[in-house]
Amino acid sequence: MAGDLNDLASAKSLTDAQKQTIRTNVETGVKQLGSSDVGEVAKARELLSGWSDGVATPVFRGEFSKVACGPLSDLVLRAEPIQAVNAIEVLRVVQTHEALQQLAKLANSGTVTNVGVRLAASRALQTAIEAGTDMNSAQADGLVRAITEATKRETEWACSYSQLTALAAIAKRSGMDAKVVSAARAGQVSGLGALATKVGKGDAKDAQLMKSASRVLAAMRKDLANAPSTERSALSGTLLPVVESLRKAGLAPPSGADADLTAAYADTVKAADLMAQLLKASGKPAAKPAGKPAAKPAPKKPTN
């Protein structure tokens, strides 16, 4: 199988027979991925993803994606974690919009309850977007909505961090439509807002989410500092209240918090202060240029 897929990966066009070869190999590989033998699972993952080491053409990626993404996603939902994580690794290297859609679905706690599997999907989603997976603005907009929904539901900090970072990666993509960039940033705000609500309740089970907040706020501030002031101004109204909520929560770490968690709370306060300074400065009206003082009117001549 590896030889067949490796040979076809560089094809600039595919015959019907070659498409059938891809389909047959995918069916065989996905079946092997579901094996209870860990060695067979690892072998199947390598066979299904080994072609990604070379320069695979969009034609091959598109055909592989069409026949593989659905079955791989279905396997993740019904398999044990070891098989599921290996299937996610294959989805990660496909680098098509369809693969990203499946990863976004698997990164949502409403779809995948196993934290380890969901974390694998969240990280794979982030990595795939950062790798430059092809997608147009309409596709990116749909992906932003799916990831935003996942961020608002998330309860595990590492998953939250990867999801929010994935939104940042979309916002920073070169040539992305301004509306998509705005939606991706708004998605980050929504996700951070949901996070702020959770940690603001003071429940110890949600405290770890502050590790995501501190990291995302710091990275987002760096991004926005280099963005046009109009982008910062547009976000200020919705982001500033979230930043203030996170700062307030950061001042009250839960009793008994370890050094790592205590540091995350302190880092969130620092990041919130810096973000607030940036946003408030961006929201100020531009100073009027200094001009020459107006000439005083000449005194009126006394009348006789």
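Within the range 121-141, can one find any residue that is β-branched (Val, Ile, Thr), over 22 Å from residue 268 (Cα atoms) and more than 10 Å from the chain's Cα centre (by Cα)? There is at least one residue in the range 121-141 that is β-branched (Val, Ile, Thr), over 22 Å from residue 268 (Cα atoms) and more than 10 Å from the chain's Cα centre (by Cα).
Within the set 227, 158, the sole residue that is closer than 23 Å to residue 270 by Cα, in the same structural domain as residue 253 (by TED's automatic domain parsing) and not in a helix (DSSP H, G or I) turns out to be 227. For the range 43-86, the set of residues classified as among the hydrophobic types (A, V, I, L, M, F, W, C) and not in a helix (DSSP H, G or I) consists of 55, 56, 79, listed by residue number. One residue stands out among those in the range 169-221 that are hydroxyl-bearing (Ser, Thr, Tyr) and out of contact with any Lys or Arg (no Cβ under 9 Å at 6 or more places or on another chain): the one that is nearest to residue 266 (Cα to Cα), which is 212. Residue 219 satisfies every condition listed in (1) under 20 Å from the mean Cα position of the chain (by Cα); (2) surrounded by 17 or more Cβ atoms within 10 Å (Cβ to Cβ); (3) more than 23 Å from residue 137 (Cα to Cα) except (2). When 190, 212 are screened for being crowded, with 20+ Cβ neighbours inside 10 Å, among the small types (Gly, Ala, Ser), at pLDDT 95 or above and within 16 Å of the chain's Cα centre (by Cα), only 212 passes.
For the residues 26, 55, the requirement of being modelled with pLDDT under 95 and of a type in the set (Val, Ile, Thr) singles out 55. When the residues of the range 193-209 are filtered to those that are charged (D, E, K, R) and in contact with a helix residue (DSSP H, G or I) (Cβ under 6 Å, 6 or more places away or on another chain), the one that is surrounded by the most Cβ atoms within 10 Å (Cβ to Cβ) is 198. Could you tell me whether the range 230-239 includes any residue that is hydroxyl-bearing (Ser, Thr, Tyr) and modelled with pLDDT under 90? Yes, because at least one residue in the range 230-239 is hydroxyl-bearing (Ser, Thr, Tyr) and modelled with pLDDT under 90.
Residues that are of a type outside the set (Asp, Glu), closer than 18 Å to residue 177 by Cα and part of a helix (DSSP H, G or I) within the range 128-145 comprise 129, 137, 138, 139, 140, 142, 143, 144, 145, listed in sequence order.
Note on the range 105-127: residues that are under 16 Å from residue 147 (Cβ atoms), of a type in the set (Val, Ile, Thr) and part of a helix (DSSP H, G or I) total 1.
Would you be able to say whether some residue in the range 87-97 is of a type in the set (S, T, N, Q), part of a helix (DSSP H, G or I), surrounded by 19 or more Cβ atoms within 10 Å (Cβ to Cβ) and not assigned by TED's automatic domain parsing to the domain that holds residue 162? No, the range 87-97 contains no residue that is of a type in the set (S, T, N, Q), part of a helix (DSSP H, G or I), surrounded by 19 or more Cβ atoms within 10 Å (Cβ to Cβ) and not assigned by TED's automatic domain parsing to the domain that holds residue 162.
Against the condition in contact with a Lys or Arg (Cβ under 9 Å, 6 or more places away or on another chain) and not charged (D, E, K, R), how does residue 106 come out, does it pass? Yes.
Filtering 80, 63 for residues that are in contact with a Ser or Thr (Cβ under 9 Å, 6 or more places away or on another chain) and surrounded by fewer than 23 Cβ atoms within 10 Å (Cβ to Cβ) leaves a single hit, 80. Assessment of the range 5-21 against the conditions (within 22 Å of residue 127 (Cα to Cα), without any contact (Cβ under 8 Å) to a residue 60 or more places away in the chain and either buried (at least 17 other Cβ atoms within 10 Å of the Cβ) or not assigned by TED's automatic domain parsing to the domain that holds residue 127 (or both)) yields at least one matching residue.
Scan the range 1-37 residue by residue and report those that are part of a helix (DSSP H, G or I) and over 20 Å from residue 92 (Cα atoms). Within the range 1-37, 3, 4, 7, 16, 17, 18, 19, 20, 21, 24 qualify.
The values are calculated or read from the model by the stated rules, or taken from the named source; none is laboratory data. If you're wondering where the values come from, they're calculated on a predicted model, not measured in any experiment. FYI the Cβ positions are ideal-geometry reconstructions off the backbone, even for glycines, and counts take in every protein chain you see.
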